[in-house]
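Heads up, the thing below is written out as structure tokens.
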Amino acid sequence: MSKIIVGRYIPGNSLVYKIDPRGKLLITILFIFVIFLANNPITYAIITVFCLAAVFATRLKVRVFWDGVKPLIGLIFFTSLLQLFFMTGGKTYWQWWIFTISSYGLVNAAYTFIRFTLIILISTVMTVTTMPLEIADAMEWLLKPLKIFKVPVDKIALVISIALRFVPTLFDETLKIMNAQRSRGADFNDGGLVKRAKAITPILVPLFIHSLETAIDLSTAMESRGYRGSSGRTKYRVLNWSKYDLISLFYFIALVLLLLIFRNH
Amino acid sequence: MSIKFEKVDYIYSPGTTMEKKGLDNVSFELADNKFIALIGHTGSGKSTLMQHFNALLKPSKGSIDIAGYHITPQTSNKNLKELRKRVSLVFQFPEAQLFENTVLEDIEFGPKNFGATEKEAKNKALKWLSKVGLSEEIATKSPFELSGGQMRRVAIAGVMVNEPQVLCLDEPAAGLDPRSRKEMMKLFLNYQKAGHTVILVTHNMDDVAEFADDVLVMEHGQLIKHDKPENIFKDKNWLEKHYLMEPTPSRFASELANYNFTQNPLTLDQLVDGIKENLKGEFDE
Amino acid sequence: MTISNAIEFKDVTFTYPESKAPVLKKINFKVKKGSWTALIGHNGSGKSTISKLINGLLLPDKDSGSVITVSGMNLNSENVWDIREKVGIVFQNPDNQFVGATVGDDVAFGLENRGVPRDQMVQTVKKVLSDVGMLDYIDAEPANLSGGQKQRVAIAGILAVEPEIIILDESTSMLDPSGRDQILKIIKRLMSEKKLTILSITHDIDEADMADNVIVLNDGKILAQASPTEIFSQTEMPRQIGLDIPFVDKLIYKLNQLGITIPKDVQTKDELKQYLCQLNSKK
């Protein structure tokens, strides 16, 4: 009965959903580089506006994005505080032992905070609007040039797609095994580290054996359905570029141009 | 010490987009030491209900009285060990729970968790190994060397060894060959006769007719009927409406156009008796 | 020359690498083209080894004189891929044979392997999914399907590559009764529509009862090969090797014991019903 979502895909049909996964993946990756073009308040404001616009274009609840940022909030604060207390330069406001608060530190702490948050937000935009399988397809497309170096991109893609497909199955199996062992008096919440590590054996061994059996069955089924490596295989699942990809492309180019114009040279 | 469910609701992933009602206002009371059948289609809430028997799931609303425990949404996850000793579940394809180096050690896992000494655990394990119809020779083997049918028996021994007051089994005979199937059903029936409650989750109406004292029928998370098998199988229109099958003997009986059965034959023996009754005049001459 | 047998085993012996004793000992049997044959036997009788031998996933013992013929070809390591074109297997575990991320992807898997152009692939996938009544689920993920639905997808995936023979390798043993009935109904319909040969490996006696021909396997040997009525009217043999017998045969057996003698020529359920009704109307 338990259904889990791999990644954090949330079904929807806003504009962002219509962009080809390849486009989304590529722009997300490039965004992480482009964000380093920002180096003054104006450029940071520009990129923040662009990023928030993308967030709102998903038409998803703000909470979804907060859930994306939340697990990393500690890390964001920690890195920002490092900047705040250790960076020197400009005016010094406060000093104690090895800690310094300077004007440079303040500004950089703020920039680090924004940079981090934006990167998480924009990746969340991609992961909540793109199915994991589509991300895998997009990755296959991005990795295609590696074929020249004899990297078996097709096989890697098949492996990823099968792995994704079996995550819910394995999750169900894990839950079932845990419940079965609980019914035999196993306790997974009590005791110290050693006791807990020991308690996990009754889950791991059956899970490992189950996975092995699944793998053997699956390879038998694949072979009997005519799978013999990648040569000459065609593809059922194809991705299609559309006008929405042009929109996202122009949006991104506009962002880069604005950043290039307004940054400090 | 009967089992009592009072207005039990269970909600999966509450507060998310995937929120789903697993149990919907389920109330019933079961007498002690009976053979109970729990039936319904895949996804009807049978498994969800089953997991409430030993608090693997706790009600979102309502309360459960079972084996001296009172379970409410507030019940803490701690101190449930004793409950799980008194109420045990055998899941579908239970051979998936085997993990120890030897068959014996695997069966000892439960007793040891519940505080038995090495010696007690070993004695109990050996006793149940033979009760499920396996020879002592395999005690020292790895459970993973055994055939599928033997693994199933080891897994069932690993639960029954705790000798729970309430034993709940989800399709324990699925995939077994007919002989093993019969042996397993006999084992559960004897366990019930020895003074325990047995709850069997099943799709097999012939088994329901043959073994059950009392039947719970689930649909869409609701308990739609709770009655004796003869009453459950009485109303053919009702069965049809809920896509439930009649036991094979009743189906056969209803197709014998010119026969009159004083009572709907649920088992093969009842059917044979009924046919004999009808033909009485014929064979007395 | 027309081939009358879809599958033929001649003196086939097979031993698993890690064991000493063979699981199959000089097995001989034939499966007629266009027939439904059921292979029954208890767990560990060697049933499932046979399906893997038919499409060359396993090879018989060397120098044992074993000959396996499938669709008129003597199976060897060279033509094994040609034979796999002709034979589709629906395995036992619905989850462990579902390769694709969605129903459509899974059905297409066999077509992708054969390099079928995409346009044609899309057409075929839709067609075979509607053959098994699963077209509405084309974008569904396996986690949201029941066992019976997954097996229907598995059948569609096999139909897509147009085989001559479908092997049901305990395909219904993990399903609930309604799932099982649906699968068997679909197979029965497809068999006549597409002129398929069916070999069902099973210990479900009602499934065996649907076949034209039953082969009984016990301890690696063939015990009997005959029509279901012939096999199950000998009440002792199936019992002895741990197999159940169909309901009707059980009933006849019990009635006979009570002195209500049922003539030998009354064998099927309908015949028994008719006979009993006649018996009652004489009064």
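Read the figures in this text as sums done on the coordinates, not as results from a lab. The structure presented is a predicted model; accordingly, all values stated were derived computationally and were not measured. Note: ideal-geometry Cβ built from the backbone for every residue, glycine included; neighbour counts use all protein chains shown.
Data overview
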item	result
About the Cα centre, charge dipole magnitude for the range B:220-285 (Lys/Arg +1, Asp/Glu -1 at Cβ), debye	420 debye
Length gained when the stretch B:Lys182-B:Asp213 is fully extended (0.36 nm per residue, less Cα-Cα span)	9.3 nm
Unit charges on C-beta of K, R, D, E only; dipole of chain C, Debye	840 debye
Computed magnitude of the charge dipole of the protein assembly as shown (debye, nearest 20; Cβ of K, R +1, Cβ of D, E -1)	2680 debye
Cα-projected label distance for C:Glu236 with B:Lys228, points at 7 Å along beta-carbon direction, nm	4.1 nm
Shielding by other protein chains, C:142-153, mean Cβ within 10 Å	2
Interchain or long-range residues, amide H under 5 Å from B:Asp177's placed H	C:Asn43
Among the listed pairs B:Lys21/B:Lys61; C:Lys185/C:Lys250; C:Lys195/C:Lys269; A:Lys24/A:Lys243; C:Lys127/C:Lys188; C:Lys33/C:Lys86, those beyond 20 Å (Cα-Cα)	C:Lys185/C:Lys250; C:Lys195/C:Lys269
Chain C: C-alpha gyration tensor shape, a/c 1.5 cut-off, then a/b vs b/c	oblate
Candidate aspartates and glutamates for bridging to C:Lys126, where Cα separation is under 18 Å - those fewer than 8 sequence places away on the same chain excluded	C:Asp105, C:Asp106, C:Glu112, C:Asp136, C:Asp139, C:Glu141, C:Glu162, C:Glu193
Estimated inter-spin distance, B:Ala31 and A:Thr88, nm [label 7 Å along Cα→Cβ]	8.8 nm
Low-density loop cleavage sites - GluC sites (Glu not before Pro) in the range C:75-121, where at most 13 other Cβ are within 10 Å (DSSP)	C:Glu78
Over the protein assembly as shown, volume per residue of the alpha carbon convex hull, in Å³	218 Å³
Counted charge near B:Thr267, where neighbours are those whose Cβ lies closer than 10 Å (Asp, Glu -1; Lys, Arg +1)	-4
MRE, 222 nm, helices only [DSSP H, n ≥ 4, -39500 (n - 2.57), over chain A, to nearest 500]	-22500 deg cm²/dmol
In the range C:135-239, trypsin sites (Lys or Arg not before Pro) in a DSSP loop with at most 15 other beta-carbon atoms within 10 Å	C:Lys194, C:Lys195
Cβ-based net charge around A:Lys70, under 15 Å, with every Lys or Arg adding one and every Asp or Glu removing one	+2
Distance (nanometres) between label positions extended 7 Å along Cα→Cβ at A:Asn189 and B:Glu255	5.3 nm
Helix axis angle, B:268-278 relative to chain B longest principal axis, alpha carbon, degrees	10 degrees
Max mean-square fluctuation residue, GNM over chain A, Cα-Cα springs under 10 Å, options A:Phe171, A:Phe208, A:Phe50	A:Phe208
